[in-house]
Amino acid sequence: DAKTTQPTSMDCAEGRAANLPCNHSTISGNEYVYWYRQIHSQGPQYIIHGLKNNETNEMASLIITEDRKSSTLILPHATLRDTAVYYCIARGMDNYGQNFVFGPGTRLSVLP
Amino acid sequence: ETGVTQTPRHLVMGMTNKKSLKCEQHLGHNAMYWYKQSAKKPLELMFVYNFKEQTENNSVPSRFSPECPNSSHLFLHLHTLQPEDSALYLCASSSSPGLATDTQYFGPGTRLTVL
């Protein structure tokens with residue numbers, strides 16, 4: 001699976017959009033970009049995933065660049081409850097689940 | 001609420017104890033996973049079960065023994081653990097392992113402390 005790099009930490013003001021970047025310059029054509037988040041001491045929560053088109057759901061939007069070498073997760077109106085570690089994962093077609101490789105992620109702090 | 005439950009949520013045990021962690025998924029999924037998350041470290045995949053068969057064991061010490069009696073239940077049996085085994089143990093499930101679009105759903109975890 002392609003390695004991803006994310007900033008260690010970010011701050012965002014409550015009510016503003018949080019834009020979390022992810023670089024995956026070695027991503028291959030069949031690898032999807034997944035985002036999960038983990039609120040302190042809880043299990044990771046699935047947010048969204050995409051291949052090459054931008055995606056939106058009730059939680060967030062995912063913007064993938066045309067060359068697919070980077071992406072941005074957008075939380076449109078961040079709340080204090082969005083404070084968490086956000087993981088960007090590039091995942092391809094592999095065997096039986098071992099290809100979700102979680103890195104250190106980005107620690108997002110939403111400030112009042 | 002993700003449809004994956006884990007019990008107990010917290011466990012303290014001595015190095016000579018035997019205990020078990022339980023995971024149950026209510027999503028109709030075929031695959032279940034155990035992950036370990038030590039303090040300040042990323043999640044590490046431990047075991048994978050697909051249709052009750054173990055398909056992955058990531059060099060986990062034998063003091064951790066998984067059991068998957070059916071597709072909805074997964075256990076992790078613990079014996080003679082070491083203090084460095086203290087961690088958050090997470091269970092996950094998914095419907096179509098091996099597909100790039102397969103999404104894993106995680107339980108809340110069991111916080112294990114080994115004294």
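The values are calculated or read from the model by the stated rules, or taken from the named source; none is laboratory data. Note that the coordinates shown come from a computational prediction; the quantities given were computed from them, not determined experimentally. Here the Cβ is made from the backbone with ideal geometry for all residues, glycine too, and neighbour counts use every protein chain on show. Ligands, DNA and RNA are stripped out before the accessible areas are found, and what is left, the full protein with its side chains, is counted by its heavy atoms. Shrake-Rupley method; radii C 1.70, N 1.55, O 1.52, S 1.80 Å.
Annotations
- Subset of segment B:36-63 [polar (S, T, N, Q) and either farther than 20 Å from B:Leu81 by Cα or more than 14 Å from the chain's Cα centre (by Cα) (or both)]: B:Asn50, B:Gln54, B:Thr55, B:Ser59, B:Ser62
- Residue under evaluation B:Met15, criteria (1) touching a strand residue (DSSP E or B) at 6+ places or on another chain (Cβ under 8 Å); (2) at the interface with another protein chain (Cβ under 8 Å from one of its Cβ atoms), criterion not met: (2)
- Checked against the criterion of being closer than 27 Å to B:Gln6 by Cα, open to solvent by 20 Å² or more (accessible area, probe 1.4 Å) and more than 13 Å from chain B (Cβ to nearest Cβ), the candidates A:Glu66, A:Glu14, A:Glu58 yield just one match: A:Glu58.
- The residues of segment B:2-19 that are open to solvent by 20 Å² or more (accessible area, probe 1.4 Å), closer than 12 Å to B:Leu81 by Cβ and in a strand (DSSP E or B), listed by number, are B:Leu11, B:Val12, B:Lys18, B:Lys19.
- Identity of the residue in segment B:68-77, in contact with a Ser or Thr (Cβ under 8 Å, 6 or more places away or on another chain) and open to solvent by 10 Å² or more (accessible area, probe 1.4 Å), that ends up nearest to the other protein chains (Cβ to nearest Cβ): B:Phe75
- Looking only at segment B:21-37, and only at residues there that are of a type outside the set (Asp, Glu) and open to solvent by 20 Å² or more (accessible area, probe 1.4 Å), the one that is farthest from the other protein chains (Cβ to nearest Cβ): B:Gly28
- A:Tyr87 meets each of the listed conditions (1) at pLDDT 95 or above; (2) aromatic (Phe, Trp, Tyr); (3) more than 16 Å from the chain's Cα centre (by Cα) apart from (3).
- When B:Leu76 is tested against (1) of a type in the set (A, V, I, L, M, F, W, C); (2) touching a residue at least 60 places away in the same chain (Cβ under 8 Å); (3) part of a strand (DSSP E or B), just one condition goes unmet, and that condition is (2).
- Residue within segment A:83-96 that is basic (Lys, Arg), open to solvent by less than 10 Å² (accessible area, probe 1.4 Å) and in a strand (DSSP E or B) present: yes
- Complete set of residues in segment B:83-98 that are more than 7 Å from chain A (Cβ to nearest Cβ), over 13 Å from B:Tyr33 (Cα atoms) and either open to solvent by less than 10 Å² (accessible area, probe 1.4 Å) or polar (S, T, N, Q) (or both): B:Asp85, B:Ser86, B:Ala87
- Just one of the listed residues (B:Thr80, B:Thr113, B:Thr101) is in contact with a strand residue (DSSP E or B) (Cβ under 6 Å, 6 or more places away or on another chain) and either within 13 Å of chain A (Cβ to nearest Cβ) or open to solvent by 20 Å² or more (accessible area, probe 1.4 Å) (or both), and it is B:Thr113.
- Check on A:His40, of a type outside the set (Ser, Thr, Tyr), surrounded by fewer than 21 Cβ atoms within 10 Å (Cβ to Cβ), touching a strand residue (DSSP E or B) at 6+ places or on another chain (Cβ under 9 Å) and closer than 29 Å to B:Phe47 by Cβ: yes
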